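To start, the structure under review is shown below, and the notes come after it.
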Amino acid sequence: MQRHSDATLFHSSAWLRTLRETYGYQPIAYTTSTPEERLENAIVFCAVKSWLTGKRLVSLPFSDHCQPLLEPGTSIDLMSRALQDFQPENWDYIEFRPIHGRQPKTALLPTSVKYSFHVLDLSPDIDILYKNLHKSSIERKIRRAEREHLIYRAGRSDEFLSHFYRLFMMTRKRHRLPPPPMDWFANLMKFFGDALQVRVAFKEAQPIAAMITIAYKDTLTYKYGCCDPTFNPLGSMHLLYWKAIQDAKSSGMRFMDLGRTDAGQHGLITFKNRWGAKQSEITYQRYGSAASSTHLFDISTAKWKAGVAKGVMQFLPPTVVSKIGQWLYGHVG
């Protein structure tokens with residue numbers, strides 16, 4: 001599938017193996033190619049089967065987007081074919097996460113959720129990319145990080161992953177959300193190999209911010225970021241973003257994928273815009289026999305439940321919140 005122009009890291013065998021190894025999700029692909037032919041098109045799903053949140057087909061869990069890999073001018077709409085084969089008595093709903101494309105024809109009832117999506121074009125010279133940064137909120141913070149002599153390092157050792165996860169748990173606690181299990185990140189590192197980098201900013205010897213990026217084809221994807229808020233004025237996250245951009249540019253990458261953002265996260269949307277990234281809209285599409293396809297822990301479509309859960313999380317110790325995350329995420333995908 002890597003040959004297809006729309007294929008991203010979320011279509012890769014490394015991503016699918018991480019989903020299966022961590023959560024036990026079974027990959028399923030719809031294609032018009034026969035077993036004897038080279039794979040020319042596909043829509044990839046994972047079967048999520050949970051006694052707590054139900055059964056569904058998702059393309060793909062924990063993925064910012066997963067464009068159906070169709071052939072130009074194909075005579076068969078694979079999305080419609082998948083929906084035609086969909087059996088409501090066996091599955092609660094089927095979900096697509098395309099970056100672009102038309103709505104499939106189906107008698108099933110649709111539910112949609114919209115997100116902002118940002119991609120930075122890396123084709124301009126590095127000096128132009130720097131000049132395109134927002135002067136006061138981005139450039140100024142990068143210069144502040146340099147004046148503070150923050151140290152930047154990138155790697156993929158257990159030590160780097162430990163630095164990241166400690167800061168990630170701190171960030172999730174601040175947002176009153178349980179973190180994914182450590183195994184998720186360890187498996188990402190194992191299956192993506194050198195394509196995955198943990199980038200860490202240090203104040204002297206203390207890790208104060210970290211991010212995970214994954215290189216795939218011509219795109220560097222920013223996937224996770226976290227920090228110690230005590231050091232936010234020093235520009236640690238800004239330093240990591242800029243170093244990632246420089247590294248991507250120097251290694252010949254054409255784009256940096258900054259990921260999806262919930263429509264209500266206006267501050268984060270503004271932050272991404274100020275890096276010169278192009279903003280667009282992506283729509284997750286769900287189809288089922290019910291008027292609204294959702295589940296118990298579906299934050300995007302059950303705001304009041306999410307609010308209650310967040311309220312409870314703030315009173316629990318970090319070790320308990322971590323255990324909840326280890327148990328919960330397999331049911332959420």
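Laboratory data are not the source of any read-out in this text; all were calculated from the coordinates shown. Model, not experiment: these values are computed from the prediction. Don't worry about glycine lacking a Cβ; one is built from the backbone with ideal geometry, like all the others, and counts go over all protein chains shown.
Applying a threshold of 19 Å to the alpha-carbon distances of Lys135/Lys272; Lys49/Lys173; Lys141/Lys272; Lys141/Lys173 flags Lys49/Lys173; Lys141/Lys173 as lying beyond it. Across segment 124-253, how large is the tail of the calculated P(r) beyond 26 Å, expressed as a percent of all Cα pairs? I get 21 percent for the Cα pairs in segment 124-253 exceeding 26 Å. Peptides 123-134, 266-277, 238-249, ordered by how many other C-beta atoms sit within 10 Å of their residues on average, highest first, read 238-249, 266-277, 123-134. For segment 124-253, the relative contact order is 29 percent, taking Cα pairs closer than 8 Å that sit 6 or more residues apart in sequence and dividing their mean separation by the residue count. Sorting the segments 254-260, 206-212 by their residues' average number of neighbouring beta-carbon atoms within 10 angstrom, most packed first, yields 206-212, 254-260.
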